[in-house]
1. Sum -39500 (n - 2.57) across every DSSP H segment of at least 4 residues in the protein assembly as shown, then divide by the residue count to get the 222 nm mean residue ellipticity, nearest 500.
2. Summing Lys, Arg as +1 and Asp, Glu as -1, what charge do residues with Cβ under 11 Å from the Cβ of A:Thr168 carry, A:Thr168 excluded?
3. If you take each beta carbon of peptide B:48-55 and count the beta carbons of other chains within 10 angstrom, what is the mean?
4. May I ask you to evaluate 6.51 cos²θ - 1.76 cosθ + 1.60, the Karplus curve with θ = phi - 60°, for each residue of segment A:257-270 and list the ³J(HN,Hα) values in order in whole Hz, giving x for glycine and proline?
5. Other chains near B:59-71: what is the mean number of their Cβ atoms within 10 Å of each residue's Cβ?
6. What is the extension gain from A:Arg64 to A:Val19, computed as 0.36 nm multiplied by their sequence separation minus the C-alpha to C-alpha distance, in nm to one decimal?
7. Between A:Leu246 and B:Asp14, how high is the FRET efficiency from 1/(1 + (r/R0)^6) when r is the Cβ-Cβ distance and R₀ = 35 Å? Nearest 0.05.
8. What FRET efficiency comes out for A:Glu266 versus A:Arg89 if R0 is 22 angstrom and r is the Cβ-Cβ distance? Round to the nearest 0.05.
Amino acid sequence: MIPATFTYRRAESADHAVVLVGEHGDEAKLLAGGHSLLPLMKLRLAVPEVVVDIGRVRELSFIRDLGDQVAIGALTRHHDLENSALLARELPLLAHAAGQVGDPQVRHRGTIGGSLAHGDPASDLPAVVLALEATLVARGPNGTREIAAADFYRGLFETALEPDELLTEVRVPKPAGAGWSFQKFTKRAIDWAIVGVAAQGDKVALVNMGPTPLRATAVERALADGASVEDAAQRAAEGTEPPADLNAGPAFREHLARVLVRRALEESRA
Amino acid sequence: MKVTITVNGEQIQDDVEDRTLLVHFLRDGANLTATNIGCDTTSCGACTVLLDGESVKSCTVLAAQADGAEVTTVEGLAGPDGELHPMQRAFQAEHGLQCGFCTPGMVMAAVSLLKENPHPTEQQVRVGLEGNLCRCTGYHNIVRAVLAAAAEEEGA
Ligand SMILES: Cc1cc2nc3c(=O)[nH]c(=O)nc-3n(C[C@H](O)[C@H](O)[C@H](O)COP(=O)(O)OP(=O)(O)OC[C@H]3O[C@@H](n4cnc5c(N)ncnc54)[C@H](O)[C@@H]3O)c2cc1C
Ligand code: FES
Ligand code: FES
């Protein structure tokens, strides 16, 4: 299958991308790695009139040590996250989770910015940046603004980004030595998580347990109140709205969340 | 739009629709039909080629995104004298194929895998080829072929 016709525009810089999407408004879609957008376009589930390719905007591909935080450019690919020595040292949860996304071919193309901006609750990295309490940096016609990861996800495939805004960077505070774990339950190797859990210290976030990625707040509160891992994990499904699909219904997902949160907490504390 | 891609060492220019996928540029534009299309969902890996040396699914890359880049397809692996690439020889020797539909993509994914990890364990080969589906072999001989190619390249 091939996408419906569209006009291809290539952005030469981040500012140029903002200008190009500004010119075309709702009709335009940014294209980063294309590994969420192009499959949707091939199935004609997305039919943009204009595609603005930001894939060559080199200035947005970086991983930088800023002292107490790490800055990651939106165009940094999963493959680069997975193989970064800086991330392996400072943010092993992010490096490891990036290595669990799709397959090697997907990771050679897909980017962190595309993963976060797409807003798919089944994606891995949104839950990871929630657990890491990252800040997202967006650029639009009126300049730059920062959005806390906790405020970024608004609904199914819906984020705080305006249509003419570009995600440029993710800033992640370095966790103070706390253990971490990433649990991803799939039926087949390359599938998205049926349920996933990202844990950094006592911060726990869930993949595919509602219309957005979300923090397991009941678990976090129980841990703060001194509950055992076993007891805290029992509360993993509280406040979630797990979807039903071919792979699992809500009850099975709730069960998975409890089991995977327990495993994640056991691993991160080991 | 005009797109120029160096395919297997040869510069190919074509005037294509903006929506043209790299796999169609290769098959219809460059007449290199070894690269197969096996699905509509970026799942099967039959279309895998190297883009600037790394494996990608060419059904999910626009030709425009590859403009100016270098692409290697399975047709570009053999030497100028027709001598097979070690990976191709290993697939032949270890019976790493039956119908052959997945093979061009499987071989390119395997070449990319060994580039990044020249001495993989069996488990690393299995995980490294998770983006490529084979409906015939049950994978065992494919894994054996990749390990044999790794051993041969080490010996060479
Ligand atoms: C076979 C397959 C398996 C996969 N498995 C997984 C998996 O297991 N886990 C997982 O998490 N993901 C998975 N993915 C998705 C993959 O991680 C995508 O690469 C990622 O979701 C999107 O990144 P991209 O760079 O390809 O974005 P694109 O597809 O280019 O863009 C996605 C969306 O984000 C917007 N966008 C992109 N960049 C920006 C930006 N900088 N600012 C604002 N908006 C932007 C685009 O307009 C578009 O709407 C899989 C994909 C495939 C094809
Ligand atoms: S044709 Fe199946 S992944 Fe490209
Ligand atoms: S040999 Fe037939 S699909 Fe792999």
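Since every read-out is calculated from the coordinates, none of them should be taken as a lab result. Keep in mind that this is a model prediction, so the values were computed, not measured. For neighbour counting, all protein chains shown are included, and Cβ atoms are generated from backbone atoms with ideal geometry for every residue, glycine included.
1. So the helix-based figure for the protein assembly as shown works out to -9000 deg cm²/dmol.
2. Net charge in that neighbourhood comes out at -2.
3. Numbers: counts 3, 1, 1, 3, 1, 1, 7, 7.
If you average over the peptide's residues, the count of other-chain Cβ atoms is 3.
4. Each residue's phi maps through the Karplus curve to give 4, 5, 5, 5, 5, 4, 4, 5, 5, 4, 5, 5, 9, 6 Hz.
5. Other-chain Cβ atoms within 10 Å of each residue's Cβ, averaged: 5.
6. 13.6 nm
7. 0.30
8. Numbers: r = 24 Å, r/R0 = 1.07.
E(calc), rounded to 0.05, equals 0.40.
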